[in-house]
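J.: Take this structure first; my questions come after.
Read-outs: derived from the displayed coordinates by stated rules, not from any lab. These figures come from a predicted structure and were not determined experimentally. Quick reminder, even Gly has a Cβ in these numbers, built from the backbone with ideal geometry, and neighbours come from all protein chains shown.
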Amino acid sequence: MRRSRRRGGRFGAAFLGDRSGVAAVEFALISPTIILVLVGLIDLGGMIYTRFQLDASLSAGANYAMVNGASVNSTSASSLASTLAGLVSSGQSSNWADSSITVNAGPTASSSGGTVTTGGTASNADSCYCPTGAAASSVSWGTAQTCGATCTGGGYAGKFVLLSASKSYTPIFSGYGLVSQAGTMTASSLVQVQ
């Protein structure tokens, strides 16, 4: 009987001292957490990339509005609004995002799914305004002012273009709720063109 105990003791010591396969077991325990973090990073990266593209489209529209600031008048503002709506909505590819443009509290244009809808009062484009509020939430145009007059909130009365763009974003792994920004992403800008 002594021999069998010795053999069992050696075998047990050898088994307990064997370290092969430890890395595989540790990886199996840690890999679900690593995969979950990577999935979250992929969705977060996609959301940030979409936001950067939305901002780039809006920036292109704002630059176009500043270069064509002389078109902010009752005869050309409707055309400018339509052009800007198409430019912003197709900034990354054809009909990539939805857009909404308001030229100086007057002509408006919105683009959704490739269809541009116009409206507003063209004569308002001839006046100057002191808009208040944030472009992202709501802008209050107020009453017409003398061009160049000092506004009560600071700045000078002038002609402005309000640009807004929106793009729906669906995370790749939406069922896990790792990125809570699923839905519509929006960006807005108020540009003084004159």
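J.: Which part of the range 125-140 falls in the paramagnetic zone of T152, meaning amide N under 13 Å from the point 7 Å along Cα-to-beta-carbon?
T.: Inside the label zone: 130-133.
J.: Can I ask one more? Can you work out the FRET efficiency for the pair N95 and D55, with r the C-beta to C-beta distance and R0 = 22 Å, to the nearest 0.05?
T.: Values: r = 18 Å, r/R0 = 0.83.
For R0 = 22 Å, the calculated efficiency reads 0.75.
J.: A follow-up question, please. Only residues of the range 68-105 count here: report those whose backbone N is under 17 Å from the spot 7 Å along Cα→Cβ of T170, or say none.
T.: Answer for the range 68-105: 96-98.
J.: Taking only the alpha-carbon atoms of the chain, what semi-axes of the equivalent ellipsoid follow from 5 times the gyration tensor eigenvalues under a square root, in whole Å, largest first?
T.: Values: eigenvalues 814, 55, 25 Å².
Those come to 64, 17, 11 Å.
J.: Can you pull the semi-axes for the range 82-194, root of five times each eigenvalue of the Cα gyration tensor, sorted largest first, whole Å? Let's see the in-between values first.
T.: Details: eigenvalues 199, 60, 17 Å².
Rounded to whole Å, the semi-axes are 32, 17, 9.
J.: Convert each backbone phi in the range 77-89 into a coupling constant with the Karplus relation 6.51 cos²θ - 1.76 cosθ + 1.60 (shift: θ = phi - 60°), then list the ³J(HN,Hα) values in order as whole Hz, x for Gly and Pro.
T.: 5, 5, 5, 4, 4, 5, 5, 5, 4, x, 5, 5, 6
J.: Fewest Cβ neighbours within 10 Å first, please rank D98, D43, D126 accordingly. Mind dumping the intermediate values first?
T.: Working: D98 19, D43 23, D126 16.
Starting with the residue having the fewest Cβ neighbours, the order is D126, D98, D43.
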